[in-house]
Amino acid sequence: MATTTVTVLVVLRDGPRALARLITRCTSRGWIPVSVRSIADGTRCEVTMRLQVHDDRRGTPAQVRAQLARLVDVERVFVDSADGVPDAVAFGAVRQMFAAGR
């Protein structure tokens, strides 16, 4: 099955298991985190990651957003389908979506 890469930025409450739940949801759906960055301030945690997803209905940006938004402690989810670009470019694009509130 073919794969593609999507970039996500997830804002969640910074709890002791929040990041673990996020990574577990991704891997249980068959989405492989290939690059992860996390920033926490004690209250909120922002996780930006690139996920290798199956190129089918389970790997669409809308499906990824819907599945991650269902997690406990998740406040906002932003997904971009920038495939084939360096991490810095993909992370910058999803960060712009966050700043614009889209």
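Let me have the relative contact order for the chain, percent, based on Cα pairs under 8 Å that are six or more residues apart.
Computed value for the chain: 38 percent relative contact order.
Out of 66, 2, 51, whose Cα points farthest toward the positive end of the dipole of the chain (charges: +1 Lys, Arg; -1 Asp, Glu; placed on Cβ)?
66
Please report the Cα spread of the stretch 3-100 along all three principal axes, rounded to whole Å, starting with the longest.
Over the stretch 3-100, Cα extents along the principal axes are 34, 27, 21 Å.
Could you run the Karplus curve 6.51 cos²θ - 1.76 cosθ + 1.60 with θ = phi - 60° over the stretch 25-39 and give me ³J(HN,Hα) per residue in whole Hz, x for Gly and Pro?
Values per residue, Gly and Pro as x: 4, 4, 5, 5, 7, x, 8, 9, x, 9, 7, 9, 10, 9, 10 Hz.
Convert each backbone phi in the stretch 87-92 into a coupling constant with the Karplus relation 6.51 cos²θ - 1.76 cosθ + 1.60 (shift: θ = phi - 60°), then list the ³J(HN,Hα) values in order as whole Hz, x for Gly and Pro.
Values per residue, Gly and Pro as x: 3, 4, 5, 5, 5, x Hz.
Name the residues whose placed amide hydrogens come within less than 5 Å of the amide hydrogen of residue 35, ignoring near sequence neighbours (fewer than 5 apart) on the same chain.
50
Where a number appears in this text, it was derived from the coordinates with a stated rule and is not lab data. Quick caveat, the model's predicted, so the values are computed rather than measured. Note that each Cβ is placed from the backbone with ideal geometry, even for glycine, and that neighbours are counted across all protein chains shown.
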